[in-house]
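The values are calculated or read from the model by the stated rules, or taken from the named source; none is laboratory data. Predicted model, so just to flag it, every value in this text is computed and none were measured. Quick reminder, even Gly has a Cβ in these numbers, built from the backbone with ideal geometry, and neighbours come from all protein chains shown.
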Amino acid sequence: MTRLIIAVSGTPGTGKSTFSKILAEKLRAKLLSLNDFIEENKIYTLAPDGTKVVDIEKLRRCFARESRNLRGTLVVEGLMAHLLPKRMVNHVVVLRTHPRVLELRLKDRNYSEAKLRENVEAEALDIILWEAVEYHGIDKVHEIDTTNLTPDEAVKQFLLILEGKATARPGKVDWLEEHFKAN
Ligand SMILES: Nc1ncnc2c1ncn2[C@@H]1O[C@H](COP(=O)(O)OP(=O)(O)O)[C@@H](O)[C@H]1O
Ligand SMILES: [Mg+2]
C-alpha cells in the first residue's frame, strides 16, 4: 500500500478538526492532531509570558520520524499542518471562513479580544494560504471556503479533488477589501 499524507490547515475556527475527522473516516485513514502531537512530544518552548512557542524544525523532525513506517493514508490536521516537510506531504488543504462568520465561531471559544482580532485579521489577510503556497507551490495546495458549506459538503468537495474530478486552486477567496471597508 502506498503512503498518502493529507495536511489540513487553516486559521483557528475554520473547521480543521471537524473536517479532518470526517475525511479520515471516509478514507479509512489514520488521523493525527498536531496539537496532541506537539503536546505529547513537547515540541515547544515556553515564552516568558507562559505562551507555548512551537519549534518548527523539531516538529518537522518528529513528524518525519513518526511517519517513516507509515503505510496507507494519514490525515494530519492543525494550525501548522501546512509547514510539515514538503517531501512527505501529498496534498495541503487550507480551509477558509469569512472573517465575520469566523468571529462568531471564535466567540464561542472564550478567546480574549486580542486573540480574536489577531485570528480574524489573519484570516482576512490569507496568511496561512500564503505560507502554504510559498512553501509547497501552488499545485499541491487546495483552498476550500467552508463559510456556506456543511463539514460534510466540504469533505465531499475535497474527495472530488482527490479523484481529479474538481479543482480548488488557491487565490479564489478574497475578503480583504470587504473586511477593511467594514471595520
Ligand atoms: N463547515 C462548517 N460550517 C459551520 N460550522 C462549522 C463548520 N466546520 C466547523 N464548524 C464549527 O466551527 C467550530 C470550529 O470548528 P473546528 O473544527 O474546531 O475548527 P478548528 O479545528 O479549525 O479550530 C466548531 O464549533 C464547529 O462545529
Ligand atoms: Mg482544531
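A few notes on this one:
- Condition check for Glu131: touching a residue at least 24 places away in the same chain (Cβ under 8 Å), part of a helix (DSSP H, G or I) and within 14 Å of Val8 (Cα to Cα): yes
- When Leu79, Leu84, Leu116, Leu104 are checked against the criterion of being aliphatic (A, V, I, L, M) and surrounded by fewer than 16 Cβ atoms within 10 Å (Cβ to Cβ), Leu104 stands alone in meeting it.
- From the options Leu27, Leu31, residue that is under 26 Å from Asp152 (Cα atoms), touching a strand residue (DSSP E or B) at 6+ places or on another chain (Cβ under 7 Å) and within 16 Å of ligand 2 (Cβ to nearest atom): Leu31
- Of everything listed in (1) surrounded by 14 or more Cβ atoms within 10 Å (Cβ to Cβ); (2) not in a loop (DSSP other than H, G, I, E, B), the single unmet condition for Ala64 is (1).
- On the stretch given as the range 85-113, residues that are under 19 Å from Leu23 (Cα atoms), within 16 Å of ligand 2 (Cβ to nearest atom) and part of a loop (DSSP other than H, G, I, E, B) total 1.
- Taking residues in the range 141-158 that are among the small types (Gly, Ala, Ser) and modelled with pLDDT of 95 or more, and partners anywhere that are in a helix (DSSP H, G or I) and near ligand 1 (Cβ under 8 Å from one of its atoms), the pairs with Cβ atoms closer than 6 Å and at least 6 places apart or on different chains are Ala154/Phe19.
- Screening the range 1-57 for strands (runs of 3 or more DSSP E) wholly inside it with 2 or more residues that are not β-branched (Val, Ile, Thr) returns the ranges 3-10, 30-33, 44-46.
- When Gly15, Gly72 are checked against the criterion of being in contact (Cβ under 8 Å) with a residue 40 or more places away in the chain and more than 16 Å from ligand 1 (Cβ to nearest atom), a single residue qualifies: Gly72.
- Residue in the range 162-181 that is touching a residue at least 40 places away in the same chain (Cβ under 8 Å) and within 22 Å of Leu4 (Cβ to Cβ) present: yes
- Qualifying residue in the range 120-138 (condition: within 20 Å of Ile6 (Cα to Cα), more than 16 Å from ligand 2 (Cβ to nearest atom) and aromatic (Phe, Trp, Tyr)): yes
- Restricting Asp139, Asp145 to those that are over 13 Å from the mean Cα position of the chain (by Cα) and surrounded by fewer than 23 Cβ atoms within 10 Å (Cβ to Cβ) reduces the list to Asp139.
- Residue in the range 104-111 that is acidic (Asp, Glu) and in contact (Cβ under 8 Å) with a residue 40 or more places away in the chain present: no
- Yes/no for Leu70 being over 19 Å from the mean Cα position of the chain (by Cα) and assigned to a loop (DSSP other than H, G, I, E, B): yes
- Scanning the range 1-20 for residues that are surrounded by fewer than 22 Cβ atoms within 10 Å (Cβ to Cβ), over 14 Å from Met80 (Cα atoms) and either of a type in the set (S, T, N, Q) or under 13 Å from the mean Cα position of the chain (by Cα) (or both) yields a total of 2.
- Residue that is modelled with the highest pLDDT, among those in the range 162-180 that are more than 16 Å from ligand 1 (Cβ to nearest atom) and crowded, with 16+ Cβ neighbours inside 10 Å: Leu162
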